[in-house]
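Student: Below you will find the structure I want to go over with you.
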Amino acid sequence: MSERNTPELAPDAEWGLYVGGEWTSPSDAGTLEVVDPATQEAFTEVPSVGTEVVDEAYETAAQAQTEWAKVPPQERADIVAQSISLIHDHHDELVDLIVREVGGTHLKAETELHIAEGIMNVAASFPFRDGGSHEKSIIPGKENIVERDPVGVVGVITPWNFPFNLSMRAVAPAIALGNSVVLKPAPDTPITGGLALAAIFEEAGLPPGVLNVVAGDDEEIGDHFSGHPVPEVMSFTGSTEIGKRVAKRAAEQLTEPALELGGNNVHIVTDDADVEYAADAAAFGSFVHSGQVCISINRHLVHEDVYDEYVEVMTERAESLPTGDPKEEETIVGPVINESQRDKIVSFIEETVDAGATLETGGDHDGLVVEPTILSDVTNEMAAACNEHFGPVAPVIPFSSDEEAIEIANDTRMGLSGSVHSDDLGRARRIADEIETGMIHINDQPINDEPHIPFGGVKESGMGRYNADAILRKFTRTKWTSVMHEQREYPF
Ligand code: NAP
């Protein structure tokens, strides 16, 4: 396949793999069909790799990294800055790709590009912010220098829900800091999760081999990728179940895992909260991108005194949302990614109703579009509450005291994000302080991501943090060099 310097980011473009700066389609590669979730029809296909291509990508990345790390910081920063400018130039194509490949609405696509751009802006500053320190010594005449070096090769595995952003949040900081990357996007979204990033960085002038993108969808490839001896850090975003498996494989090679995993986020509404406002926030936090966000609201915990009013307002909000094909700009709730996700969501709803909950609205689906669904009389053990449902579903659980809300909120293995609504900010803060979570937002909803603020979870929601200095530290390692400026006296 020919080299392309000016990428066409069209959905039906001929996409290859991107290894060593070449767009290739190995003759023995399989194919991944890329499906538009709104029509459930394939609009293009990309090659799917075997283990040899993964080996080649890692080896190429390792070779390229040695030279890339020597490139002056201004040049590395310029390439990230140039990539941001190319995202602007290709804005409409990228929106179209996200709408087609991910089934995201226009609002979701714009938001995703905006968040990615913020992360890239911060990453562009990293080449000048990875300096070390001079430290005093306990040995007379010794000078201590602690430098920060790139780790080497970073392996990146990402999911399909915010593919462009979730890949970019690892790729941009990693390369800005002088690392090279092998990226394996989710098989549902190989273009927006990987190949589109490669096309943009290629156009920006990134040297061959610094970013490599391989797609594949079988377990053998995943295990080979995460258990490979070359990468020094394995950056994984996805489910807790697969995250544990990836971490185990990486640990066998003493590769450091960086894990952003599942959530089961609460939206707590106290009896003194503004119910209309709390429901506005909740409708966004539950239904944006059809609930397929790791920091979506998974459970609504509502004080019994305002419970009925809240359920009524939420039902109105859910019923007012335009659903359908996200190619229509007014669509708010589009399709979920694939049949298996849809079936999982629908079965969580059915199991919850069978267990005694009331279906206030929704519950049905048309193709992959699941109706915005409100479930009342829910308890924390019911399927839609104790599992990460990852759909446009709002299970509403009543509580009678702040202590009970805290207990229910913490009764999960997850701890990613959350929100608390109260007119009394002190009370909201006291509740927020008791919730076991990496992130929590008062008088807002849980979906927040700011590029300069550490992002991540506790408990089984992850290990480590993305964004800001946290990712700078993750993708660099210290090297201590000491210099004796006079002869040292040894004891023998
Ligand atoms: P997933 O099933 O865990 O898959 C995530 C990625 O891992 C995919 O690219 C997948 O590719 C790959 N994978 C699967 N098995 C693998 C293996 N054995 N070795 C290496 N890679 C493997 O998750 P998902 O369904 O795509 O995404 C939804 C989940 O991600 C939710 O739990 C959500 O909360 C979480 N998430 C977390 C964050 C966060 O920042 N905390 C952000 C977004 C999403 P294959 O499909 O080929 O298996």
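The values are calculated or read from the model by the stated rules, or taken from the named source; none is laboratory data. Not measured: the values here are computed from a predicted model. Every residue, glycine as well, gets a Cβ built from its backbone with ideal geometry; the counts of neighbours run over all protein chains shown. To get the accessible areas, we keep the full protein, side chains included, count just its heavy atoms, and leave off ligands, DNA and RNA. Shrake-Rupley method; radii C 1.70, N 1.55, O 1.52, S 1.80 Å.
Student: Pairing the Cα long axis of helix 91-102 with the longest principal axis of the chain, what angle in degrees results, from 0 to 90 and rounded to the nearest 10?
Tutor: 60
Student: Shifting gears a bit: Could you grab the relative contact order for the chain? Cα pairs under 8 Å, six or more apart, rounded to a whole percent.
Tutor: On the way: 1180 pairs, mean separation 86.4, N = 492.
Here the relative contact order equals 18 percent.
Student: While we're looking at this one, here's another question. Which three numbers, in whole Å and largest first, are the semi-axes of the equivalent ellipsoid of the chain derived from its Cα gyration tensor as √(5λ)? Write out the running numbers ahead of the final one.
Tutor: Details: eigenvalues 321, 175, 71 Å².
Here the semi-axes work out to 40, 30, 19 Å.
Student: Something else about it: Going by average Cβ density within 10 Å per residue, which order do the peptides 294-306, 272-284, 343-355, 365-377 take, highest to lowest? Intermediate values should be presented prior to the final figure.
Tutor: On the way: 294-306: 25.0, 272-284: 19.8, 343-355: 18.2, 365-377: 22.4.
Most protected by this proxy first, the peptides run 294-306, 365-377, 272-284, 343-355.
Student: Relative to the longest principal Cα axis of the chain, at what angle does helix 163-176 sit, 0 to 90 degrees, rounded to 10?
Tutor: 30
Student: Which cross-chain or sequence-distant (5 or more) residues have an amide H under 5 Å from the amide H of Ser235, H modelled 1.01 Å from N in plane?
Tutor: Gly155, Val156, Ile157, Ala258
Student: Could you please state how large a percent of the accessible area of the chain is carbon and sulfur, counting protein chains only and using a 1.4 Å probe?
Tutor: On the way: 9300 of 19740 Å².
Its accessible area is 47 percent carbon and sulfur atoms.
Student: Separate question: If amide H atoms are built 1.01 Å from N in the plane of the peptide, which residues on other chains or at least 5 residues away come under 5 Å of the amide H of Gln253?
Tutor: The answer is none.
Student: Run the quick spin-label model on Asp343 and Glu404: label points 7 Å from Cα toward the beta carbon, then report their separation in nm to one decimal.
Tutor: 3.8
Student: Still on this structure, please answer the following. At 0.890 mPa s and 25 °C, plugging the Kirkwood radius over alpha-carbon pairs of the range 378-489 into Stokes-Einstein gives what diffusion coefficient in µm²/s?
Tutor: Numbers: Rh = 16.9 Å.
Here the translational diffusion coefficient equals 145 µm²/s.
Student: Also, quick follow-up: Thinking of the range 265-442 as a set of Cα atoms, what percent of all their pairs are more than 31 Å apart? Walk me through the numbers before you get to the answer.
Tutor: Values: 1500 of 15753 pairs.
That tail contains 10 percent of the Cα-Cα pairs.
Student: Also, I was wondering about something else. Charges on Cβ only, +1 for Lys and Arg, -1 for Asp and Glu, centred on the Cα centroid of the chain; of Ile442, Phe126, Gly415, which one is farthest towards the dipole's positive end?
Tutor: Phe126
Student: Same structure again: Per 0.36 nm of contour for each residue apart, how much would the distance between Asp424 and Trp480 grow if the chain were fully extended, relative to their Cα-Cα spacing?
Tutor: Values: separation 56, 0.36 × 56 = 20.16 nm, distance 4.97 nm.
Result for the pair: 15.2 nm of gain on full extension.
Student: Using a Förster distance of 41 angstrom, determine the FRET efficiency expected from the C-beta separation of Glu319 and Glu52, and round it to 0.05. Numbers along the way, then the final one.
Tutor: Working: r = 53 Å, r/R0 = 1.29.
With a Förster radius of 41 Å, E is 0.20.
Student: On a C-alpha basis, how far is the centre of the range 127-206 from the centre of the range 70-88 in Å? Whole number, if you could?
Tutor: 13
Student: Between beta-carbons, use under 13 Å as the cut-off and find the net charge around Val393, counting Lys and Arg +1, Asp and Glu -1.
Tutor: Numbers: positive: Arg299, Arg342, Lys344; negative: Glu350, Glu351, Glu360, Asp364, Glu371, Glu388.
Around Val393, the surrounding residues sum to -3.
Student: Collect residues whose amide H, placed 1.01 Å from N in the peptide plane, falls under 5 Å from the amide H of Gly209; neighbours closer than 5 in sequence don't count.
Tutor: Here Gly20, Gly21 satisfy the definition.
Student: While we're looking at this one, here's another question. Taking the solvent-accessible surface of protein heavy atoms with a 1.4 Å probe, what is the per residue accessible area of the chain in Å²? List each step's numbers first, then the result.
Tutor: Details: 19740 Å² over 492 residues.
Value returned for the chain: 40 Å² of accessible area per residue.
Student: Place +1 on the Cβ of every Lys and Arg and -1 on the Cβ of every Asp and Glu in the chain, take the dipole about the Cα centre, and give the residue among Ile332, Thr358, Ser83 whose Cα lies farthest towards its positive end.
Tutor: Selected residue: Ser83.
Student: Calculate one ³J(HN,Hα) per residue across the range 398-412 by plugging θ = phi - 60° into the Karplus curve 6.51 cos²θ - 1.76 cosθ + 1.60, and present them in order as whole Hz with x for glycine and proline.
Tutor: Per-residue couplings from phi come out as x, 9, 10, 8, 4, 4, 5, 4, 5, 4, 5, 4, 7, 7, 7 Hz.
Student: Could you rank the peptides 424-433, 260-269 by their average count of other C-beta atoms within 10 Å per residue, with the highest value first?
Tutor: On the way: 424-433: 15.4, 260-269: 28.4.
Result, highest mean Cβ count within 10 Å first: 260-269, 424-433.
Student: Pairs to check: Lys142/Lys479; Lys108/Lys184; Lys244/Lys474; Lys244/Lys479; Lys244/Lys344. Give those whose C-alpha atoms are more than 24 Å from each other in this structure. Please list the in-between numbers first.
Tutor: Details: Lys142/Lys479 16 Å; Lys108/Lys184 22 Å; Lys244/Lys474 19 Å; Lys244/Lys479 29 Å; Lys244/Lys344 21 Å.
Beyond 24 Å between Cα atoms: Lys244/Lys479.
Student: So which aspartates and glutamates can Lys136 reach, going by Cα to Cα under 20 Å and dropping same-chain residues fewer than 8 places off?
Tutor: The reachable aspartates and glutamates, counting only those whose Cα sits under 20 Å from Lys136, are Glu147, Glu486, Glu489.
Student: For the chain, what is the mean residue ellipticity at 222 nm derived from helices alone (per DSSP H run of n ≥ 4: -39500 (n - 2.57); sum divided by total residues; nearest 500 deg cm²/dmol)? Present the calculation step by step, with values, prior to reporting the outcome.
Tutor: Numbers: 15 runs with 184 residues, N = 492.
One gets -11500 deg cm²/dmol as the mean residue ellipticity at 222 nm.
Student: So, one more: Between Lys248 and Asp308, what is the label-point separation in nm under the 7 Å Cα-to-beta-carbon projection?
Tutor: Between Asp308 and Lys248, the label points sit 5.1 nm apart.
Student: Let me ask something else. Calculate, in nm to one decimal, what Glu450 and Val146 gain on full extension: separation in residues at 0.36 nm each, minus their alpha carbon distance. Spell out each step's value before the answer.
Tutor: On the way: separation 304, 0.36 × 304 = 109.44 nm, distance 2.95 nm.
Answer, rounded to one decimal: 106.5 nm.
Student: I've got another one for you. If I model a spin label as a point 7 Å beyond the Cα along the Cα-Cβ vector, how far apart are those points for Asp12 and Ile139 in nm?
Tutor: The two pseudo-label positions are separated by 6.9 nm.
Student: Which angle from 0 to 90°, rounded to the nearest 10, does the C-alpha axis of helix 339-354 make with the longest principal axis of the chain?
Tutor: Once rounded, the angle reads 40 degrees.
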